[in-house]
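Peer 1: Take this structure first; my questions come after.
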């Protein structure tokens, strides 16, 4: 029983990582209706920046918020420079640009920061305040951070005028611009926010998985699964989805299919969700009018 | 233009192709073989992505299935290299159709996502221990290249295995390209493009979306599968690490460079993915990825129709 | 009469001197000449295993230092290193490029089992030395099957057997759990352990594998701990080894912990995992870890440091990959030196199979290169060591042939 609970809790802990990444993906989707394949690599790059700051002696939380800020600006710039030219272009062109970005960011991480694995320290105490025999201090901390980010995002979209404007711009760009919303800038904002969230995900993840240019490789897939499962346009859904994916991965890996096919679990989840429940568990149904 | 008939041009080209491998050193022929193999794979992907508008980031999976089908048949069932090709085609056609079913309900990003997941899961699936006795597991399978069926010397160079394979791959590629060209120009091709551009209208006009989409997936997969099988023979080795997500991304790069919706552009795309990493290697050691990404993005902005569209612009002369 | 005799004598004299001088300058296969020796290499400089690219950089730097000191027997090394992206098809292409286009004399320190497997047949068919392959897979030391291929580092199965012997001697009633990477290298170690345990193989009660794409080891570690094992064999690459050590500590699991030498790096594993978390971990090594304070004043290390400071400016001296490159390069230089003026591929292979007690600054005291025509494992000696929170303490005798 004990080990079962342990698997569940470590699944939840992993899940909070997938949730954070899924949240970033949902953020971009909500504001642009695009899936950003480069999300993982951008997050890794941001985490490297944080690492560099900490190495230079900047205290952790200052580095944390600085990185979030830099990531925000970076995401904004990426949208302005790379995505804007293909805003109105077919989906394929967008996907290709994302793939190109993925590849460039990955190469830049390696080139600038080197290929060796780096340790990244956790700001949280080692022992958890709650249920110390099942989760570590860091896991509790990152869980808290993820939920905190979620809360901020939710409040932002629901109650602030900018949040509303962003949602409008994504839902119906033509009408939105008629009402005076600078649609293009809303998209840029969406990217900035997603990038910032991604940076948080990366910084929460790095103490556990250690930092190297390929840190996000497999995790990205789980992040996708999380976002899809929860409904690609629902932030709450992404978080819940993340936890479900994390726990499923652990339980299936430990008791059902063994550890050798875990990526296939993600694959099945993704394809299954897309086929059987395309709106995820919590998403809204979209009807296309002819 | 009418002075030189198409027949004559073809004759000259064919003669040139016959002479080419004997003029080049063996190693270059090997590289060109690989390029032709990639061209077939890129063409396959282009049928799906360029013409039918369905984005696949996971075509490496079909390439892998074709390659392993060939390797397993050659290693465990004593098939000759040539006999594996039709089998690979059929198997991959089936796999493509299977993939086509869920793809029916997915569009744009979602399909890209699903196929991306497939590409990432493939190496792990290939290592699965239950099938390891056939696939060789992590170690892979070492193959031997087929010997040329006769001795031959031309222009002072012998007919080596690589040179023989050049003719084999060409003999496979040419009909495949011509077939694709005919397919696209015909009724099915028009249906495919109609579905891409105006799916709802096409459906309303009586095009059987499901059937055409699934068929396209199947054919696309079959092409890439044949390429995979040929590739396995040319390299004489298969292992799970040969088929990472980078392969799928490379194929997509090839499609974009050559030109979406261009049959012959696949050759340029293949040349790009075969030779550019080597050039990038000289520039900087960690460059290949960055160069890929940069060129990819630049092309999408500047020439979304790929190299072939640039050609058309240069040769057609008018503003359009 | 006299003049013709003179001219004949002159002619003979000329012929002799010309013949003698060309005899003195040596016999060469492609890639070698009076002035240079072309040495080929490929490592993953990009792609998922790009961390290993550092090894190639170190090798190049070592050869440069040798060239600056006049080269070997008057010849400079022309080092050509290509990126194989850890992809077998690329490896085949690059190897063929090195052999057929660049016409190198031989390949050395090619990295990674998949890449080397892909070119194994080719190199032996072409009769080009595939020297000092940079992986510990056991299959590289097979002189009868593949006379042109040779590894360098102690092979994984041998290491597994060493741990098995230690377990049988010190914990004969223990229960073993194994965490291993789901590929060649992981399975090789596991086999070594199993073979070493012999009919006590049943001591292994739990096995869990992982992929390099797995985000964390949590899943596996929890399973292994709950198996009730009190001995843990940790077959992971550096990043995952650090995760596993950390997780074991978090779970409060304190088994007798054997760590594969691949991940015994102080800088990449033990410190990031939390230095105290690893106390008591047993591993083995054949070279001096440059991040280990034990060697700070050691003569061999200081010589290494001098080379490093001059030829690897800006690099992190604590990184063990550089040391690996250094050792591979040094072994290669030894072989070339022994070959003298007969720089043919056959002679290179012959000299590689003729290393007698060759030492190196960075090899552990007592560990030397030793090969013979039937022994294609240059390094077979290893010593066990235990982590004490600050450094690795060597203990026990040196395993392997004396």
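Every number in this text was worked out from the coordinates using simple rules, so none of it is lab data. Quick caveat, the model's predicted, so the values are computed rather than measured. Cβ coordinates were reconstructed from backbone atoms using ideal geometry, including for glycine residues, and neighbour counts include every protein chain displayed.
Peer 1: Taking only C-alpha pairs under 8 Å that are 6+ residues apart, what is the relative contact order of segment B:1-95 in percent?
Peer 2: On the way: 32 pairs, mean separation 16.0, N = 95.
The normalised contact order for segment B:1-95 reaches 17 percent.
Peer 1: Next up: In what sequence do C:128, B:90, A:149 fall when counting other Cβ within 10 Å, fewest first?
Peer 2: On the way: C:128 28, B:90 13, A:149 23.
Ranked by crowding around the Cβ, least crowded first: B:90, A:149, C:128.
Peer 1: If I fit a long axis through the Cα atoms of helix C:238-250 and take the longest principal axis of the Cα atoms of chain C, what angle between them do I get, 0 to 90°, rounded to 10?
Peer 2: Helix C:238-250 sits roughly 20 degrees off the main axis of chain C.
Peer 1: Evaluate E = 1/(1 + (r/R0)^6) for residue A:251 and residue C:36, where r is the Cβ-Cβ distance and R0 equals 60 Å; express this FRET efficiency to the nearest 0.05.
Peer 2: On the way: r = 61 Å, r/R0 = 1.01.
The computed FRET efficiency comes out at 0.50.
Peer 1: Another question, if that's okay. Given R₀ = 25 Å, FRET efficiency for residue A:129-residue A:151 by Cβ-Cβ distance, to 0.05?
Peer 2: Numbers: r = 20 Å, r/R0 = 0.79.
In this case the efficiency is close to 0.80.
Peer 1: Using alpha carbons only, what's the Rg to Rh ratio of the protein assembly as shown with Rh from Kirkwood? List each step's numbers first, then the result.
Peer 2: Working: Rg = 29.9 Å, Rh = 30.2 Å.
My calculation of the ratio gives 0.99.
Peer 1: For the residue pair residue A:80 and residue C:64, what label-to-label distance in nm results when each label sits 7 Å from Cα along the Cα-to-beta-carbon direction?
Peer 2: Result: 4.0 nm between the two label points.
Peer 1: Let me ask you something else. Determine, at each q value in 0.12, 0.18 (inverse angstroms), the log₁₀ of I(q)/I(0) that the Debye formula gives when each Cα of segment C:156-285 is one equal point scatterer.
Peer 2: Listed by q, the Debye log ratios stand at -0.38, -0.90.
Peer 1: Here is a follow-up. Between segment B:232-246 and segment C:367-395, what is the C-alpha centre distance in whole Å?
Peer 2: Distance between centres, Cα-based: 35 Å.
Peer 1: In segment B:171-194, whose amide N lies under 19 Å from the spot 7 Å out along Cα-to-Cβ of residue B:20? List them in ranges.
Peer 2: B:171-181
Peer 1: Please report B:307, B:238, C:333, C:178 as a ranked list, fewest other C-beta atoms within 10 angstrom at the top and most at the bottom. Provide the component values of the computation, followed by the final result.
Peer 2: Details: B:307 21, B:238 32, C:333 18, C:178 24.
Least crowded to most crowded, the residues run C:333, B:307, C:178, B:238.
Peer 1: Between segment C:122-158 and segment A:183-220, what is the C-alpha centre distance in whole Å?
Peer 2: 43
Peer 1: If you don't mind, another one. Take every DSSP beta bridge whose two residues both sit in segment C:98-219, then give the antiparallel share in percent to the nearest 5.
Peer 2: Around 0 percent of the beta bridges assigned by DSSP in segment C:98-219 are antiparallel ones.
Peer 1: With axes computed from alpha carbons, what is the tilt in degrees of helix C:320-339 against the longest principal axis of chain C, rounded to the nearest 10 within 0 to 90?
Peer 2: On a 0 to 90 degree scale, this one is about 30.
Peer 1: Given contacts defined as C-alpha pairs under 8 Å and at least six residues apart, what's the relative contact order of chain A, whole-number percent? Could the numbers behind the result be given before it?
Peer 2: Working: 459 pairs, mean separation 105.4, N = 290.
The normalised contact order for chain A reaches 36 percent.
Peer 1: Here is a further query. From Cα pairs below 8 angstrom and at least 6 apart in sequence, can you work out the relative contact order of chain B, rounded to a whole percent? The partial results should precede the final answer.
Peer 2: Details: 491 pairs, mean separation 105.6, N = 320.
The normalised contact order for chain B reaches 33 percent.
Peer 1: What's the extension gain from residue B:185 to residue B:275 if we count 0.36 nm per residue and subtract their Cα-Cα distance? List each step's numbers first, then the result.
Peer 2: Details: separation 90, 0.36 × 90 = 32.40 nm, distance 3.08 nm.
This chain segment gains 29.3 nm when fully extended.
Peer 1: Compute the helix-to-body angle for C:53-68: its Cα long axis versus the longest principal axis of chain C, expressed 0 to 90° and rounded to tens.
Peer 2: Its long axis makes an angle of about 40 degrees.
Peer 1: Would you please give the FRET efficiency between residue C:201 and residue C:358, computed as 1/(1 + (r/R0)^6) with r the Cβ-Cβ distance and R0 = 30 Å, to the nearest 0.05? All intermediate terms of the calculation are to be shown ahead of the outcome.
Peer 2: Working: r = 36 Å, r/R0 = 1.21.
FRET efficiency, residue C:201 to residue C:358: 0.25.
Peer 1: Let me ask something additional. Note down the nm distance, to one decimal, between modelled labels 7 Å out along Cα→Cβ at residue A:281 and at residue A:65.
Peer 2: Placing both labels 7 Å beyond Cα along the Cβ direction yields 3.4 nm.
Peer 1: Let me see the pair-distance distribution of chain C: every alpha carbon pair, 20 Å bin width, integer percents in order.
Peer 2: P(r) over chain C, rounded to whole percents: 26, 53, 16, 4, 1, 0.
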